[in-house]
Each structure stands twice: as C-alpha cells, then as structure tokens.
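Taken together, the values in this text are just the output of simple stated rules run on the coordinates, not laboratory data. Being a predicted model, the structure only gives us computed values, none of them experimental. As a convention, Cβ positions derive from the backbone with ideal geometry for all residues, glycine included, and neighbour counts pool all protein chains shown.
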Amino acid sequence: NTLGNNDDTNDSDKYPAFYYCLNYKKLNESHLQGSEYEEGWYLPTAYECLDIYLVKDQLNPVLEMCSGWKFDSENNKFWTSSQTEAFENEDGEGVTTYRAYTFSFYYGMPDDDPKDDDRHSAFPIRQF
C-alpha cells in the first residue's frame, strides 16, 4: 500500500521477477532444496548487474561448463530490483506506468521498461 505497511512483495502477479528470485530454491530446475545454497537468492540491482557485466568474460566459460545460459545475447534484457519513476502515459487518460530498470549484458547498460513488459527475463543471484 502507499504507506509502506503492507509487504506484498511475495505477490507473483505484482512482482513476477522478484517472486521468481525469492522462491528460486523451490523450483525444480534450481536443484537447491536441502542444500547449503538454498537461502539468500535475490533479484540483483542495476549496479550489481553492471559489476557482473564487467566480469562476464570470466563467468561465461563457467556457465557453459554447467550447461547454463551465457551473458551475451543481444536480445536478452534482464529485470533488476532497481525501480524508476512512474509517469503518466501520453494518451492523456492519466494512466500511470510503473517502471523498473532492466539490464542488457550484451550492451552493458541499463534501460527502463514498464513493469508489465513480459519480454524480459529474471535471474537470481545468491551473494555478491
């Protein structure tokens, strides 16, 4: 709510990227439940994504060995936990668009997109 008293961050309809990362350990493909690595996963900030981008050439060979995806697709943008200002649409109807930063690991830069844009992916990180 607007007063900040209600924690609705576990609502998958409102925050699907955050929900995915928060509940990453429960997903079958994560193989984390019951391991020492099941806790502490979160959606990275735009700045953390930049730090990852700066070492992606070292990370990609390791990800490839683990059959993971690499940080180099031109068409992939990933959601971050960094929000941007909401604004009213130009259609004159006063509809507010809520936005968050995405990050392109191909270009190494953030962008802001409407939160309801479902073309982007999310990836959790555990500790930084």
The list [x] -0.26, -0.45, -0.61, -0.97; [y] -0.40, -0.67, -0.86, -1.17; [z] -0.30, -0.52, -0.70, -1.09 gives values of log10 I(q)/I(0) by the Debye sum over Cα atoms at q = 0.09, 0.12, 0.14, 0.18 Å⁻¹, and only one came from this structure; which label was calculated from it?
-> [z]
Length-normalised contact order of the chain, Cα under 8 Å, at least 6 apart, in percent, tallies to 26
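What full-extension length gain, to one decimal in nm, is calculated for Asn10 and Glu64 as 0.36 nm per residue of separation minus the Cα-Cα distance?
Details: separation 54, 0.36 × 54 = 19.44 nm, distance 3.13 nm.
Gain in length upon complete extension: 16.3 nm.
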With R₀ set to 25 angstrom, the calculated FRET efficiency between the beta-carbons of Tyr98 and Ser73, to the nearest 0.05, is 0.45
Using 7 Å Cα-to-Cβ label points, what is the Asn28/Val55 separation (nm, one decimal)?
-> 3.3
Rank-order 112-122, 30-40 by packing density, defined as the average count of other C-beta atoms within 10 Å over each peptide's residues, highest first.
-> 112-122, 30-40
Helix 56-65 sits at what angle to the longest principal axis of the chain, using alpha carbons and giving 0 to 90 degrees rounded to 10?
-> 60
Only Lys, Arg, Asp and Glu count, each charged at its Cβ (+1, +1, -1, -1), so figure out the dipole size of region 1-87 about its Cα centre, rounded to 20 debye.
-> 120
